[in-house]
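Participant: One structure, pasted below without further comment.
The values are calculated or read from the model by the stated rules, or taken from the named source; none is laboratory data. Worth saying up front: this structure is predicted, and the values here are computed from it rather than measured. Ideal geometry is used to build each Cβ from the backbone, glycine not excepted, and the neighbour counts take in all protein chains shown. Ligands, DNA and RNA are excluded from the accessible area calculation, which covers all protein heavy atoms including side chains. Shrake-Rupley method; radii C 1.70, N 1.55, O 1.52, S 1.80 Å.
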Amino acid sequence: EKFGTHESSGWDSCWIGWCLTGLGVTLMWTGLWRPPVQKVDTVRVTTLRAALRWFIVYVLGMAAVNLWRGVWYLTDYHLLPDTLTDNGEGEWPLASFWTSSVVGSSFCFMVCCGASLLAPPAIFLLDGPGVNSPPLAVTALSTYYSLTQPAGTPEVPVPWYWIAGDILLSFFAVPIMVVWFWRGSWLLMDYYLWGFSLSDQDVHHSIGWSFLIGVVLIFLTSETVFAQIKVRNEILDGALNRLRTYLLAWGTVNYWRMVWYIWDEFLGDPTYWSCWLAHWGSLAVLTALGCVSCIVAPASTLGMDLKPHPKAADEPLFSNVPVPAEDLVPLAIGRQPPVVQANMVPKETVKQMESYIASSVMASVAQDPETAASVKTSSKQAWAKSGTGSRPGYSSARTETESARQGYVSVQRPDWDRRVGSSELMLALSTAGVSVRGSSSHFRSR
């Protein structure tokens, strides 16, 4: 009888999760995150716009929680529930745990979405400051196109059947498999580190082991350490990076498990007041730190295992650990974007900047007047923010003009075709002998 309730609750959570995902994705794709851009001097992130942004993130976060809970519960009920292993404390579906973890991770890597297994503290989504959103409500196709094409490449029309397959993969198949990996890996840690015993001491020891495993794996797979490994063979390099992602995912699962059990064991147990405190307290702290977008997970976020094109547009406001302290802007979801004002720079320098960028970035799209117009950097100001660190020396400086595009990719990534490399912008400035205040923080090479 209890299992029947468990299954019914799982279905309810799944439907709530997908409905909320649909609502959040619709709000993102209709452009409600980005304030209207008419004149470059009048663009502002208003209080109402900031509140709407926070609401969208909250909807997508609640969608992820419900979807993960539902898929987890239904997997408990349907995936090998009767194939049991006795560990001395009872009989447990160990085969289900292994199958869930292996199948989930294998599927994600086979469709080049292994990075979707990651979550904080392995990756962070920063709220801003800026006009464009973090990579929320994006699909595999738009992510692939954004990463593998140079910024400014004309958008290719996408057939309806590709769109249908992309939506099924991005919002249904990949999220389910991500949850499978997390469920299986988490319960394997429970089985081998804790054993589901009734002893509080065993639980506390398992928390310590998860802390040790999580910290060690996250440290060993950090960019600081992994950057020391030099591999020239592309196939080996790709395999090594996927191994890094897999180990980092295990580190993340253990880190979450450690924090979750500490809260349950020492901060009020799973009582109502403890749950509400965790819910609203975390939202308040993350909003204040400028990274409330971190509450979002598949199906509303997606990462792909691809080597970016050297001139690809950076993922805006997306950063790996460790996050530079200057990137954490308090209440960033409602803050105005950092700018390099052209009136601080001589007019001749502005012309040199435009000329340099036009020759280096727009060469591949010179035949397309519409694209060229959308890529061209405004002479008034350019918004700048550092990128992921996976592309050293390449950060995004985005223009303010609205794109005329309304294609399948551009509604998900409204600024993907209007970004230029910060290294190019800074080179143009240095060539002209101009030093812009704050440029070292606005345009960092990482």
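Participant: Hey, rough spin-label estimate for residue 209 and residue 95, points 7 angstrom out along Cα→Cβ, what's it come to in nanometres?
Facilitator: 2.4
Participant: Given a 1.4 Å probe and every protein chain left where it sits, what share in percent of the accessible area of region 120-213 is carbon and sulfur?
Facilitator: 75
Participant: Same structure, new question: Enumerate the calculated ³J(HN,Hα) couplings along region 215-220 in order (Karplus 6.51 cos²θ - 1.76 cosθ + 1.60, θ = phi - 60°), each rounded to whole Hz, writing x wherever the residue is Gly or Pro.
Facilitator: Running phi through 6.51 cos²θ - 1.76 cosθ + 1.60 with θ = phi - 60° gives 5, 5, 5, 5, 5, 5 Hz.
Participant: Just check region 123-180 against the gyration tensor rule for me: Cα atoms, a ≥ b ≥ c as the square roots of the eigenvalues, rounded for a/c under 1.5, and otherwise prolate or oblate depending on whether a/b exceeds b/c.
Facilitator: Oblate, since a/c reaches 1.5 and b/c is not below a/b.
Participant: In sequence order, what are the phi-derived ³J(HN,Hα) couplings for region 75-85 according to the Karplus relation 6.51 cos²θ - 1.76 cosθ + 1.60 with θ = phi - 60°, rounded to whole Hz, with x for glycine and proline?
Facilitator: Once rounded to whole Hz, the list reads 5, 3, 7, 10, 8, 6, x, 9, 8, 10, 10.
Participant: Still on this structure: Beyond 24 Å, what percent of the Cα pairs of region 36-128 remain?
Facilitator: 50
Participant: Just to be sure I understand the model, the point goes 7 Å from the Cα along the line to the Cβ. What's the resulting residue 260 to residue 201 distance in nm?
Facilitator: For residue 260 paired with residue 201, the spin-label model returns 2.6 nm.
Participant: Still on this structure: Given H placed on each backbone N at 1.01 Å, which residues far from residue 92 in sequence or on other chains put an amide H within less than 5 Å of it?
Facilitator: Here 85, 86, 87 satisfy the definition.
Participant: Enter the accessible area per residue of region 33-124 (Å², integer; probe 1.4 Å; all protein chains in place).
Facilitator: Per residue, region 33-124 has 46 Å² of solvent-accessible surface.
Participant: Using amide H atoms built in the peptide plane, which far-off residues or other-chain residues are under 5 Å from residue 125 H to H?
Facilitator: When sequence neighbours closer than 5 places are left aside, the close amide H contacts are 294.
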